[in-house]
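Here, each number is a calculation from the coordinates, and none is a lab measurement. Being a predicted model, the structure only gives us computed values, none of them experimental. Cβ coordinates were reconstructed from backbone atoms using ideal geometry, including for glycine residues, and neighbour counts include every protein chain displayed.
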There are 2 protein chains.
Amino acid sequence: MTERDKYFMGRAITVAQQGMTSNTGGPFGAVVVKDDQIIAEGCNSVTSTNDPTAHAEVVAIRKACAELKTFQLDNCILYTSCEPCPMCLGAIYWARPMKVFYGCTKEDAAAINFDDQFIYDEIDKKIDARQINFVGLMREEAVKVFEQWEAKTDRTTY
Amino acid sequence: MTERDKYFMGRAITVAQQGMTSNTGGPFGAVVVKDDQIIAEGCNSVTSTNDPTAHAEVVAIRKACAELKTFQLDNCILYTSCEPCPMCLGAIYWARPMKVFYGCTKEDAAAINFDDQFIYDEIDKKIDARQINFVGLMREEAVKVFEQWEAKTDRTTY
């Protein structure tokens with residue numbers, strides 16, 4: 001951990017504070033860094049943009065990928081003012097930065113009523129035991145599209 | 001499960017196929033329905049939009065929320081051509097539709113090399129034991145923004 005890491009985390013915290021103060025959304029900020037330079041910054045924007053997926057990490061990842069013109073954050077570092085929720089954790093694994101620094105813990109978030117534990121618990125449940133009802137339907141028809149993907153010669157994998 | 005449910009799932013499967021054929025992204029589609037009407041449709045758009053978060057469910061949820069001008073999918077049903085990955089599962093819990101129908105299973109997806117199990121496994125690991133390195137930093141400074149959120153009188157919760 002270097003002074004530069006502290007600088008970038010300080011920036012993520014500032015972005016969190018600015019987003020909160022401007023009523024862009026909740027008190028969360030994130031910064032994507034590559035080669036020691038900030039590529040993108042994002043704050044939680046759920047309530048101002050009516051986008052439940054607009055968490056700080058997702059916003060910063062989207063912006064960074066747009067900037068880098070790629071769907072992979074190779075050799076990037078994500079600094080986030082709080083430990084990611086399960087959605088953001090999934091987004092991080094799809095984007096594949098090489099490292100993540102986080103400020104607050106999920107326990108700190110739960111203490112101000114951002115309680116991700118419920119979602120962690122639901123993910124671990126069997127699909128038919130969750131609080132939101134998940135029902136399988138028309139698997140046979142749906143699988144045919146997967147077979148066509150397998151046979152497709154010009155597909156771009158990710 | 002009704003004939004209408006089959007109709008909407010058929011639509012999600014068609015959207016998956018169209019997205020694949022047009023090289024918009026992988027073979028996944030989703031539809032959001034409210035009051036028996038389609039509010040939004042989305043196909044996987046990761047590779048064409050350079051957005052690793054543009055899975056079919058996330059695209060459909062974003063569009064539906066924009067259409068409904070809300071960050072909550074109250075009384076909506078999501079039809080997705082495949083069981084959601086952990087990121088999409090998180091997005092679903094934040095958007096809170098009342099029910100989800102899915103076509104292919106995650107095992108079907110793994111069979112064509114979309115293996116979410118790795119992410120499910122990582123989520124369950126302790127934060128310092130994951131393949132992507134997660135490091136806590138400056139928690140004390142970061143928590144101050146949470147304290148300001150708690151004291152904020154004009155906050156919009158979500």
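What are the nm distances, shortest first, from residue B:129 to its equivalents in the other copies, labels at 7 Å along Cα→Cβ?
2.1
At residue A:67, with labels set 7 Å past Cα in the Cβ direction, how many nm apart are the copies from this one, shortest first?
Values, ascending and in nm: 3.3.
Take chain A, connect every pair of alpha-carbon atoms lying under 10 Å apart with a spring to form a Gaussian network, then pick out the residue of A:32, A:135, A:145 with the largest mean-square fluctuation.
A:145
So how do A:2, B:80 line up by other beta-carbon neighbours within 10 Å, fewest first? Can you show the working numbers first?
Working: A:2 8, B:80 31.
Ascending number of Cβ neighbours within 10 Å: A:2, B:80.
Can you tell me what share of the DSSP beta bridges in chain B is antiparallel? A percent to the nearest 5 is fine. Walk me through the intermediate numbers first.
Working: 11 of 16 bridges.
Antiparallel bridges: around 70 percent, rounded to the nearest 5.
Report, in degrees rounded to the nearest 10, the 0 to 90 angle that the Cα long axis of helix A:139-151 makes with the longest principal axis of chain A.
Rounded to the nearest ten degrees, it is 80.
Using unit Cβ charges (K, R positive; D, E negative) and no other charged atoms, how large, in debye to the nearest 20, is the dipole of segment B:16-158 about its Cα centre?
Values: 14 positive and 21 negative charges, 64 e Å.
In debye, rounded to 20, segment B:16-158 gives about 300.
So what are the radius of gyration and Dmax for the Cα set of segment B:27-98, in Å?
Computed over the Cα atoms of segment B:27-98, radius of gyration and Dmax are 11.1, 33 Å.
Which semi-axes, in whole Å and largest first, does the equivalent ellipsoid of the protein assembly as shown have when worked out from the alpha carbon gyration tensor as the square roots of 5 times its eigenvalues? Show your work: numbers first, answer last.
On the way: eigenvalues 207, 93, 57 Å².
Working from the Cα gyration tensor, I get semi-axes of 32, 22, 17 Å.
What does the convex hull of the Cα atoms come to per residue for segment A:1-56, in Å³? Provide the component values of the computation, followed by the final result.
Numbers: hull volume 4.0 nm³, N = 56.
Taking the convex hull of the Cα positions in segment A:1-56, it is 71 Å³ per residue.
Under 11 Å from a label point 7 Å along Cα→Cβ of residue B:98: give me every residue in segment A:129-158 with its amide N that close.
none
What trypsin sites (Lys or Arg not before Pro) in segment B:63-151 are in a loop by DSSP, with at most 13 other Cβ atoms within 10 Å of the Cβ?
Those satisfying the criteria are B:69, B:125, B:126.
Over the Cα atoms of segment B:95-158, compute the convex hull volume and normalise it per residue, giving Å³.
147
What are the semi-axes of the equivalent ellipsoid for segment B:1-136, taken as the square roots of 5 times the Cα gyration tensor eigenvalues, largest first, in whole Å?
On the way: eigenvalues 129, 62, 42 Å².
In descending order the semi-axes read 25, 18, 14 Å.
Among the listed pairs A:152/B:106; A:6/B:126; A:69/A:99; B:6/B:63; B:69/B:144, give every one whose C-alpha distance is greater than 25 Å. Please report the intermediate quantities before stating the final value.
Working: A:152/B:106 20 Å; A:6/B:126 23 Å; A:69/A:99 20 Å; B:6/B:63 22 Å; B:69/B:144 32 Å.
Among A:152/B:106; A:6/B:126; A:69/A:99; B:6/B:63; B:69/B:144, the Cα-Cα distance tops 25 Å for B:69/B:144.
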